[in-house]
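S.K.: Here it is, the structure, as structure tokens.
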Amino acid sequence: MPADSMDPTTAVTYGPFIQAAEAQYTSDPSEVNPASVKNMPAGYTLVRTIQMTDFFGPEQSRVFYGYVAVGGKPATAVVALRGTATDTEWWDDFHWDLVPFPQIPGGGKVAQGFDLVYNSIGTMTPGQQGTSAPGAVAAEVAQAATSGLAAGLDPASLPMVVAGHSLGGALATLLVADLTATTALKPQAWTFASPKVGDATFAARYGALSTISWRIYNQVDVVPYFPVDISDSYQPVTTGYAIDSLGKAKWSLSCAHSLNTYMHVLSPATVPLDQACST
């Protein structure tokens, strides 16, 4: 697929990975490190789980946030990051002071909330006892993604996709920037309903680093238009692909932001719309 051509069919194939992460969390929020992820697309092997810490409130516990899986033909590593699921995570989203993102040289500034959550991310072997510690997440994800490669195979040749929805889309953007700048991997980014992540310097640096990157946003979803500040410091990263669910799904804040709505609008013939959002 040419880098300047967005293929809705390809985009829709990554939605179920995110939906599996969201379903895994909502089915049992207390399960920080599951041995398996329910409803993960067939043909993929779970190699790592991803945890993060909400930074708001007196109890900052670890929660399941996504996973790394490898499979498909050709073998592809997929990192899936779920969307915002709790009031605390929404609070994390709304910390909008700009802070430096030192993981990449000349990386500009990003939203403080996204930066704090990103720096809290750690990974674990599925089913492992204990808790993950925040660390160099790009290095951990790269090691997990390439652990099954044949000896001597260049990691840069491994197809890799990082997919996320909502807050997961913002974190996916940071991870793709970090992976591309600091490892041999050249991941694709497929995000749905991602808010703006950082300033113009970050957006430009990201655009220079990333390979295939699509920021899919619904024109009637409010989240992709945030954060907003009086000096208009926040800028969306490239490349944006607009959809419009008006007339195709019931309008509400939740329906406009729903990953299912995004996928239905992208491929109405293959993705049924949730009944709650049906017109």
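Any read-out appearing in this document is the output of simple, stated calculations on the displayed coordinates, not a laboratory observation. For clarity, every value in this text was computed on a predicted model and none was experimentally measured. Here the Cβ is made from the backbone with ideal geometry for all residues, glycine too, and neighbour counts use every protein chain on show.
S.K.: Which entries of Lys109/Lys196; Lys73/Lys196; Lys38/Lys73 show an alpha-carbon separation above 23 angstrom in the structure shown? Before the final figure, lay out each step's value.
M.R.: Details: Lys109/Lys196 12 Å; Lys73/Lys196 33 Å; Lys38/Lys73 21 Å.
Exceeds cut-off: Lys73/Lys196.
S.K.: Here's something else I'd like to know. With the contact rule set at Cα under 8 Å and sequence spacing of 6 or more, what percent relative contact order holds for the chain?
M.R.: Once normalised by length, the contact order is 16 percent.
S.K.: GNM, the chain, Cα, under 10 Å: largest mean-square fluctuation among Gly130, Gly113, Gly164?
M.R.: Judging by the Gaussian network model, the answer is Gly130.
S.K.: Next question, about the same structure. Taking the highest mean first, how do the peptides 154-162, 65-73 order by number of other beta carbon atoms within 10 angstrom per residue?
M.R.: The peptides rank, most packed first, as 65-73, 154-162.
S.K.: Per q in 0.25, 0.28 Å⁻¹, report the Debye log10 I(q)/I(0) for region 150-189, using one uniform scatterer on each alpha carbon and no solvent.
M.R.: -0.78, -0.89
S.K.: So, one more: Among Gly106, Asn119, Ala11, which residue has its Cα furthest toward the positive end of the charge dipole of region 8-277, with +1 on Lys/Arg Cβ and -1 on Asp/Glu Cβ?
M.R.: Farthest towards the positive end: Ala11.
S.K.: With θ set to phi - 60°, apply the Karplus curve 6.51 cos²θ - 1.76 cosθ + 1.60 along region 217-231 and write out the HN-Hα couplings as whole Hz, x wherever there is a Gly or Pro.
M.R.: After applying 6.51 cos²θ - 1.76 cosθ + 1.60, I find 9, 8, 4, 9, 9, 6, 4, x, 8, 9, x, 10, 10, 5, 9 Hz.
S.K.: Pop a pseudo-label 7 angstrom from the Cα along the beta-carbon direction at both Val99 and Ser61 and give the gap in nm to one decimal.
M.R.: So the two model labels end up 2.4 nm from each other.
S.K.: In terms of modelled amide H atoms, which long-range or inter-chain residues lie less than 5 Å from the amide H of Gly108?
M.R.: Sorted by chain and number, the residues that satisfy this are Phe101.
S.K.: To continue, here is another question. May I ask what percent, to the nearest 5, of DSSP beta bridges between residues of the chain are antiparallel?
M.R.: 55 percent
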